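Written below as structure tokens is the structure these notes are about.
The values are calculated or read from the model by the stated rules, or taken from the named source; none is laboratory data. Everything quoted here is computed from the prediction, not taken from an experiment. Neighbour counts run over all protein chains shown; Cβ positions are idealised from the backbone, glycine included.
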Amino acid sequence: MNLLVGFYQDATPSRTGEFVTCLQRNAANPLIDRVTVFIADAFTAAELRARFPDLAHAKIFHEHHPSPARSFPGWLPLGPR
């Protein structure tokens, strides 16, 4: 299974921590082959990995899309082919 998720850094650090924990759990799930994370902030994938080292997991792939207007259907062509 390929999982497509959005990620942004919330104003509340504990909420951002919840996002990171969910991504860690998804990456650890043996039924999920790949997690594509669409970054909705102005930082790059490298900056995301630097801020949150646990998101450097081999199953987690980052796509930088700072536009919050992108809808989920708009993400589908960007996932794994």
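Scanning the range 1-21 for residues that are farther than 13 Å from L55 by Cβ and part of a helix (DSSP H, G or I) yields a count of 4. Of the residues making up the range 13-49, those that are aromatic (F, W, Y) and either more than 13 Å from F61 (Cα to Cα) or in contact with a Pro (Cβ under 7 Å, 6 or more places away or on another chain) (or both) are F19, F43. Taken over the range 28-50, the criterion of being charged (D, E, K, R) and free of Cβ contacts under 8 Å to residues at least 40 places away in the same chain is satisfied by D33, D41, E47, R49. So, in the range 44-81, exactly how many residues are of a type outside the set (D, E, K, R), in a loop (DSSP other than H, G, I, E, B), modelled with pLDDT under 75 and surrounded by 12 or more Cβ atoms within 10 Å (Cβ to Cβ)? Qualifying residue count, the range 44-81: 3. Taking the listed residues T16, T12, the one that is over 11 Å from the mean Cα position of the chain (by Cα) and surrounded by 12 or more Cβ atoms within 10 Å (Cβ to Cβ) is T16, with no other qualifying.
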